[in-house]
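First the structure, in the form of structure tokens, and then the observations on it.
Just so it is clear, none of the values below were taken in a lab; they were calculated from the coordinates. Keep in mind that this is a model prediction, so the values were computed, not measured. Positions of Cβ are backbone-derived with ideal geometry, glycine not excepted, and every protein chain shown enters the neighbour counts.
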Amino acid sequence: MLANLKYISGFGNEFASEDPRCPGALPEGQNNPQVCPYNLYAEQLSGSAFTCPRSTNKRSWLYRILPSVIHKPFESIEQGHLTHNWDEVEPDPNQLRWKPFEIPKASQKKMDFVSGLHTLCGAGDIRSNSGIAIHIFICNASMVNKCFYNSDGDFLIVPQLGKLLIYTEFGKMLVEPNEICVIQRGMRFSVDVFGETRGYILEVYGVHFELPDLGPIGANGLANPRDFLVPVAWYEDRQVPGGYTVINKYQGKLFAAKQDVSPFNVVAWHGNYTPYKYNLENFMVINSVAFDHADPSIFTVLTAKSVRPGVAIADFVIFPPRWGVAEHTFRPPYYHRNCMSEFMGLIKGHYEAKQEGFQSGGGSLHSAMTPHGPDGDCFGKASKAKLEPERIADGTMAFMFETSLSLAVTKWGLKTCNCLDGNYYKCWETLRSHFTPKFRNPTGHK
Ligand SMILES: [Fe+2]
């Protein structure tokens, strides 16, 4: 049944979708008729200021059995390890690496997508719509009669272990590891899982993800717009006598409200503000075919722009399987100090610059201006390797959340999670000087 889910394709299009059980549910020629087809309620979901230029204006019209407002008052609830307090612990400029984040056994502790949100790091201020957070989700149970929406920002969700069946007001999406999805601000959703489940979330406040500009690459390449998939309208007219719980993240805190019906009661919708998913296998990889290592920005899937030209609040970057053909070149990523901060995760396989230690389901953080680069083993091998065309990263998918913000790591990230690898720095200890002041090695030059 899950494989039969339908989608419509495109990035940020003006989409329109009706549940086939109610043909003609979308009003014709207007958004807000006196009486809607099938006696539905019309509700607009605004993802941008009304007055944004057309290129950035985001909204959708939802035609639903009852409007979203039919809920009891919100009350504060326990929020576990979800936080936006960036001053919990002292800053730590060290290279940080985490072992795979542990998922509790369902027999010991049931955890769903919302109770399984753990904030790892972040920066900025929710109230001024400026900043990001990186969360790890670990769960083993589906959300039952419970949905979630985020008033603070957009979630870019990267599943690493286990499928997510996501019910949204726009329809259903199945998101598997090696796919990503984006649930934008305000959209209600509920997540079913099928066992132990883990992944990463990049939350951006106040901006939406866009496809990066392609510049001289041209009209095609990287993530192509037609490969983004949007769910089709699907509704349930379901009464929930015991009460349905709507959880809201508002100003970084969790609140819950009860209502008597499922919120997935949207019979038809149209607009350009929707959830969407993307299969990373569809990324059209561009890289060096002559010499030198291109900067990793060539692998940008989605970007959340700041107001400064060319500077992202956050980029989502992947390191996909590809050919390595560069000549006269140290092919792994170069040694680097970056004004941006780089969080990396691994969906599967082994990352090319560190074959050991960096494990799928774990992560690493190289903060602003903190040095990083290949480990001693990788440097030794890549400096001597015969430079023939070779496949790189087959069976692997590493990714990076790169941000212009300087990230604070939470107490959970540094201590409570108990996954921090205290020996990370040692992977560079085997690097030795190879300096030969009296011998200019000609093979090192073109
Ligand atoms: Fe870097």
Checklist outcome for this item: Taking a straight Cα-to-Cα line shorter than 19 Å from Lys426, and setting aside same-chain lysines fewer than 8 residues away, one finds Lys99, Lys354, Lys381
Checklist entry - Taking a spot 7 Å from the Cα of Val285 along the direction of its beta carbon, which residues of the stretch 298-329 have an amide N less than 19 Å from it? => result 298-302, 316-329
Checklist entry - When each pair of different Cα atoms in the chain is counted once in the 1/r mean, what is the Kirkwood radius in angstroms, to one decimal? => result 23.3 Å
Checklist entry - aspartates and glutamates within cross-link reach of Lys348: Cα-Cα under 18 Å, excluding same-chain residues under 8 positions apart? => result Glu102, Glu176, Glu179, Glu196, Glu281, Glu356, Asp394
Next on the checklist: Largest first and in whole Å, what are the equivalent-ellipsoid semi-axes of the stretch 282-422 based on the Cα gyration tensor, each being the root of 5 times an eigenvalue?
Outcome noted: 25, 19, 14
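Grab the alpha carbons of the stretch 75-215, take their convex hull, and tell me the volume per residue in Å³. Provide the component values of the computation, followed by the final result.
Numbers: hull volume 22.7 nm³, N = 141.
Each residue corresponds to 161 Å³ of Cα convex hull volume.
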Checklist entry - In whole Å, what is the distance between the alpha-carbon centres of the stretch 113-152 and the stretch 300-327? => result 23 Å
Next on the checklist: Could you list Phe148, Phe255 so that the one with the fewest beta carbons within 10 Å of its beta carbon is first and the one with the most is last?
Outcome noted: Phe255, Phe148
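With the cut-off at 27 Å, tell me which of the pairs Lys58/Lys305; Lys163/Lys305; Lys163/Lys249 have Cα atoms farther apart than that. Don't jump to the answer; show the numbers that get you there.
Values: Lys58/Lys305 16 Å; Lys163/Lys305 29 Å; Lys163/Lys249 23 Å.
Beyond 27 Å: Lys163/Lys305.
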